[in-house]
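Shown next, in structure tokens, is the structure this report addresses.
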Amino acid sequence: MSTKGHFGDYGGQFVPETLMHPLEELEAAYDAAQRDPAFHARLDDLYRNYSGRPTPLYFAERLTSEWGGGRIYLKREDLNHTGAHKINHCLGQGLLAVRMGKKRVIAETGAGQHGVASATVCALLGLECDVYMGEEDIRRQELNVFRMKLLGARVIPVSSGSKTLKDSINEAMRDWVTNVRTTYYMLGSVLGPHPYPTMVRDFQSVIGREVRVQIIEKEGRLPDVLVACVGGGSNSIGLFYDFVQDSRIQMIGVEAGGRGPKLGDHAARFSGGRPGVLHGTYSYILQDADGQVVPTHSVSAGLDYPAVGPEHATLHDTGRVTYTSIDDREALAAFNELCRLEGIIPALESAHAVAQAKKLKLSPDQIVVINLSGRGDKDVAEVMRIIG
Amino acid sequence: MNRIEKAFARKAFIPYITAGDPSLEVTRDLVLAMSAAGADIIELGVPFSDPIADGPVIQRATERALNHGVTLAKVLQLVREIRKQSQVPLMLFSYFNPLLNYGLERLAKDAVDAGVDGVLASDLTVEESEPYRSAMSRAGLNTVFLAAPTSSSERLTTIAKASTGFLYAVSRTGVTGERQELAADLKEFLATLRHHTKLPIAVGFGISTPEQVRAVWQEADGAVVGSAIVKEIERHIGKSDLVDRVAAFSKWLRA
């Protein structure tokens, strides 16, 4: 029997049987879209004229001089429309939903970035949009909730379980299994059952393709190190994917170290988790001895999730990508440093990547690209609460 | 002929309860009482933290069980105890991760030793099931898979081939939970299923009244009732007559 959507041992399709038909439908629609030049033309047009791509690759001169190591570049995904890389896969999936004739879209969101991007694309394409969001996250991200409402989406509070991202995905999947014939599930990362991890990666891989062109224009050669934060893993895979074959380039994925290494205090799946099945895919997950998924913690809501995209699991096992973690305190310090030295308020997620880059031992001629996956406006209130 | 096959000698009534809701002792008493009240097979839910195929009633039961520290190992111990007093066919009903985490070979061996008759994991697709099926079938456990109204004809063929004991037909799209009406296209769906399998067919999801049980029996070989029974348990938590009440409810459904 053929099994689909595997990355080494990981990935696959672990869903209630009712969802298998829509997944097959989605895969067929995606394959057809991939072969259709008109689909790509429309997506490229939206990337360019709606979202503002290509996003700049910015040489961070003051960080470079302050850190005294390699030459630091920031890939400015924060300058996308809606302020993060999430718009890349939402535009792609939105066009696909239209192609499939679906009139209603559902999405899950943690911090609200994917929810806002989904609501934005649904407004643009005239689709009805329901976003599942944990009650705890609604409380923490009031502004994004209002943003989604302004954009015409309905935000549905999720009160089950830990009332955060994990539970929002549970609820979105329950909605999908119920309304499967009419609804498109706009999943927000390289997670879930096949074809989502592949499809979302393909839409995000525009990041790495642009970096390749931009860095050659600026430096005349490819970078030495790529650094990105890893929640579900969409911005990191987006940066890495085009460079996986360039074995000379070091790639570092940064997970949330949270409050510390105790289970429940962090979201570092590779150091604290084991392979298992959650939300339709086989990958590393944070679970207890009985296979129950455990709560996670990170100062950054976008990294606060117990599983990681299955392609990262295989990149981890083969050693192609090195996964590290940065704790809350280090991330906040990097957040401050980027504000002060470069005049850029980064998302707390992206601040994890910045903190990791600072730790690297580099010679002055080495080139580092950090994916600045989102802007930090959404985090200002939370940071104010923490540091005053 | 194994216990599950024998259960389909008549139209089967198959209640589902979440193991450990409200406690493992009560679950044991419920199994014995429902068996005496006419249950032909009993599905024991092994709780998982993220039950994506379940509606609110079973989600709450799952939370109650997990809050009491119910694990797969404890459910197997419970089955061992039940087997001292009853031969009612027992199915473990769970999600894949707790089973995988326990170890598939180890689970197959321990489940058979304990007296389990079959296993169903609601998020395990046939495509991903090969190691699981070979471990379970080598040990002599039935592997039941779900067939959905959205399943293509090709999928129904593979699902029927992978299932042993019986085939579980999901009555409609959606999560577990009571519904006022059976799905309009159920009859047609079951007729299609019959073309794909000689196994008995049990229907579940949304069945909550004796009328619905009888209607399902017209077209299929068994009726599964989950949320309605779990809700009856929930309603009587903390009361001394919980087991009697739920057994009476179960008897009413089977009538």
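The values are calculated or read from the model by the stated rules, or taken from the named source; none is laboratory data. Small disclaimer: the values here were computed from a predicted structure and weren't measured. Using ideal geometry, Cβ is built from the backbone for each residue, glycine included, and neighbour counts are taken over all protein chains shown. Surface accessibility is based on the protein's heavy atoms, side chains included, excluding ligands, DNA and RNA. Shrake-Rupley method; radii C 1.70, N 1.55, O 1.52, S 1.80 Å.
Odds and ends about this structure:
- The stretch B:143-195: GluC sites (Glu not before Pro) in DSSP loop, at most 14 other beta carbons within 10 Å: B:GLU181
- Euclidean distance between Cα centres, the stretch A:250-306 to the stretch B:78-156, Å: 28 Å
- Selected from A:ALA33, A:THR82, A:LEU226, residue furthest toward positive end of dipole (chain A; charges at beta carbon): A:THR82
- All C-alpha pair distances within the stretch B:10-254, sorted into 10 Å bins from zero, spread as 8, 34, 40, 17, 1, 0 percent across the bins.
- The contact residues of the stretch A:1-30, meaning those that lose at least 50 Å² of 1.4 Å-probe accessible area when all protein chains sit together rather than their chain alone, are A:MET1, A:PHE14, A:PRO16, A:GLU17, A:THR18.
- Here the sum of -39500 (n - 2.57) over DSSP H runs of 4 or more residues, divided by the residues of chain A, equals -12500 deg cm²/dmol at 222 nm, to the nearest 500.
- For the chain pair A and B, the buried solvent-accessible surface (1.4 Å probe, both sides summed) amounts to about 3100 Å².
- On a per residue basis, the convex hull of the C-alpha atoms belonging to the stretch B:1-118 measures out at 104 Å³.
- Environment charge at A:CYS229 (Cβ cut-off 9 Å; Lys +1, Arg +1, Asp -1, Glu -1): -2
- When the charge dipole of chain A is built from unit charges on Cβ atoms (+1 for Lys and Arg, -1 for Asp and Glu) and taken about the Cα centre, the candidate among A:LEU239, A:ALA268, A:GLY280 whose Cα reaches farthest toward its positive end is A:LEU239.
- Cα-only radius of gyration and Dmax that characterise the protein assembly as shown, units Å: 25.7, 82
- Portion, in percent, of the accessible area of the stretch B:187-255 that falls on carbon or sulfur, probe 1.4 Å: 52 percent
- Think of a 1.4 Å ball rolled over the protein heavy atoms: the protein assembly as shown then has 36 Å² of accessible area per residue.
- Phi-derived couplings, Karplus 6.51 cos²θ - 1.76 cosθ + 1.60 at θ = phi - 60°, listed residue by residue for the stretch A:204-221: 7, 5, 4, 4, x, 4, 5, 4, 4, 5, 5, 6, 5, 4, 8, 10, x, 7 Hz, with x used for Gly and Pro.
- List A:LYS163, A:LYS361, ordered by accessible area with a 1.4 Å probe, largest first: A:LYS361, A:LYS163
- Percent accessible area from carbon and sulfur atoms, chain A, protein chains only, probe 1.4 Å: 51 percent
- Here the 3J(HN,Hα) profile of the stretch A:91-101, calculated from phi with Karplus coefficients 6.51, -1.76 and 1.60 at θ = phi - 60°, is 4, x, 6, x, 4, 5, 4, 4, 4, 7, x Hz, Gly and Pro shown as x.
- Highest-MSF residue in chain A out of A:GLY374, A:GLY110, A:GLY69 [GNM, Cα springs under 10 Å]: A:GLY69
- Complex-versus-alone comparison for the stretch B:119-164, residues with a loss of 50 Å² or more in accessible area, probe 1.4 Å: B:ASP123, B:THR125, B:GLU127, B:GLU128, B:THR150, B:ARG155
- Within the assembled protein chains, the solvent-accessible surface assigned to B:ARG254 is about 40 Å², based on a 1.4 Å probe.
- Residues whose amide H falls under 5 Å from that of B:GLY45, counting only those 5 or more places apart or on a different chain, are B:ILE17, B:THR18, B:ALA19, B:PHE93, with hydrogens built in the peptide plane.
- Debye, to nearest 20: dipole size of chain B, +1 on Lys, Arg Cβ, -1 on Asp, Glu Cβ: 600 debye
- For the stretch A:267-284, 3J(HN,Hα) per residue [Karplus equation, 6.51 cos²θ - 1.76 cosθ + 1.60, θ = phi - 60°, Hz, x = Gly/Pro]: 9, 8, 5, 6, 8, x, x, 9, x, x, 10, 9, 6, x, 9, 9, 7, 6
- For the residue pairs A:LYS75/A:LYS218; B:LYS6/B:LYS198; A:LYS103/A:LYS166; A:LYS75/A:LYS361; B:LYS198/B:LYS251; A:LYS358/A:LYS378, the C-alpha atoms sit more than 18 angstrom apart in A:LYS103/A:LYS166; A:LYS75/A:LYS361; B:LYS198/B:LYS251; A:LYS358/A:LYS378.
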